[in-house]
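Student: Below you'll find the structure I mean.
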Amino acid sequence: MAIGLDNLRAPKGSTHKKKRVGRGPGSGLGKTAGRGEKGQKSRSGYSAKIGFEGGQMPLHRRLPKRGFTNIFKKEWIEINLSSLDQHFEANDEVTPELLHERGLIKKAKRDVVVLGTGEISKALRISAHRFTKSAREKIEKAGGAATQISKQKAEDDKQ
């Protein structure tokens, strides 16, 4: 028998009937509908709050707090020379926008730092916000150019 749109169905045992509760004593889930007798959980409208422990002091309040999180921390997107070597041809212009388009970095808005991990065999013109010393040396040794994107230039482009 050929499979067609007229005879498609889920494999046997992969789907289950919806559990219908509160439908009389013969169903096995009548009267209290599997909620037990009294208490907060048996009432309609109950929804447990995240971290609520029945009035006991919750774990996230019992544990001591230490340190602090710097909300102004500078976050860099790191990219290795080896991945640039794999994804670009010789004499290509590499920019953070192009890295984002090719799926090498997730967010184009954050600053990009090029790390010197791996080797580069092609001459690439790479523009990034920061380069490690070893990355800059390897790029120039391969005949490419490492151009640093300044914050001033990025702000001028926005206006």
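Student: Tell me, which residue of the range 89-113 that is in contact with a strand residue (DSSP E or B) (Cβ under 6 Å, 6 or more places away or on another chain) and not aliphatic (A, V, I, L, M) is farthest from R136 (Cα to Cα)?
Tutor: R110
Student: Right, another one. Please determine, by comparing only the residues of the range 137-150 that are of a type outside the set (A, V, I, L, M) and in a strand (DSSP E or B), which one is nearest to H87 (Cα to Cα).
Tutor: By that ranking, first place goes to T147.
One line per residue, one yes/no per condition, for (1) touching a His at 6+ places or on another chain (Cβ under 8 Å); (2) hydroxyl-bearing (S, T, Y):
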residue	(1), (2)
I77	no, no
V112	yes, no
L124	no, no
S134	no, yes
Q148	yes, no
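Student: Look through E78, E119, E97 and report the one residue that is modelled with pLDDT under 95, surrounded by fewer than 16 Cβ atoms within 10 Å (Cβ to Cβ) and in a loop (DSSP other than H, G, I, E, B).
Tutor: Among E78, E119, E97, only E119 is modelled with pLDDT under 95, surrounded by fewer than 16 Cβ atoms within 10 Å (Cβ to Cβ) and in a loop (DSSP other than H, G, I, E, B).
Student: Scan the range 128-136 and give yes if some residue there is exposed (fewer than 10 other Cβ atoms within 10 Å of the Cβ) and assigned to a helix (DSSP H, G or I), otherwise no.
Tutor: Looking for residues that are exposed (fewer than 10 other Cβ atoms within 10 Å of the Cβ) and assigned to a helix (DSSP H, G or I), one finds at least one in the range 128-136, hence yes.
Student: Going by the structure shown, is G51 over 30 Å from A142 (Cα atoms), touching a Pro at 6+ places or on another chain (Cβ under 7 Å) and not hydrophobic (A, V, I, L, M, F, W, C)?
Tutor: When the stated conditions are applied, G51 passes them.
The values are calculated or read from the model by the stated rules, or taken from the named source; none is laboratory data. Keep in mind it's a predicted model, so treat the numbers as computed, not measured. A quick note on method: Cβ atoms are made from the backbone with ideal geometry, for glycine too, and the neighbour counts reach across all protein chains shown.
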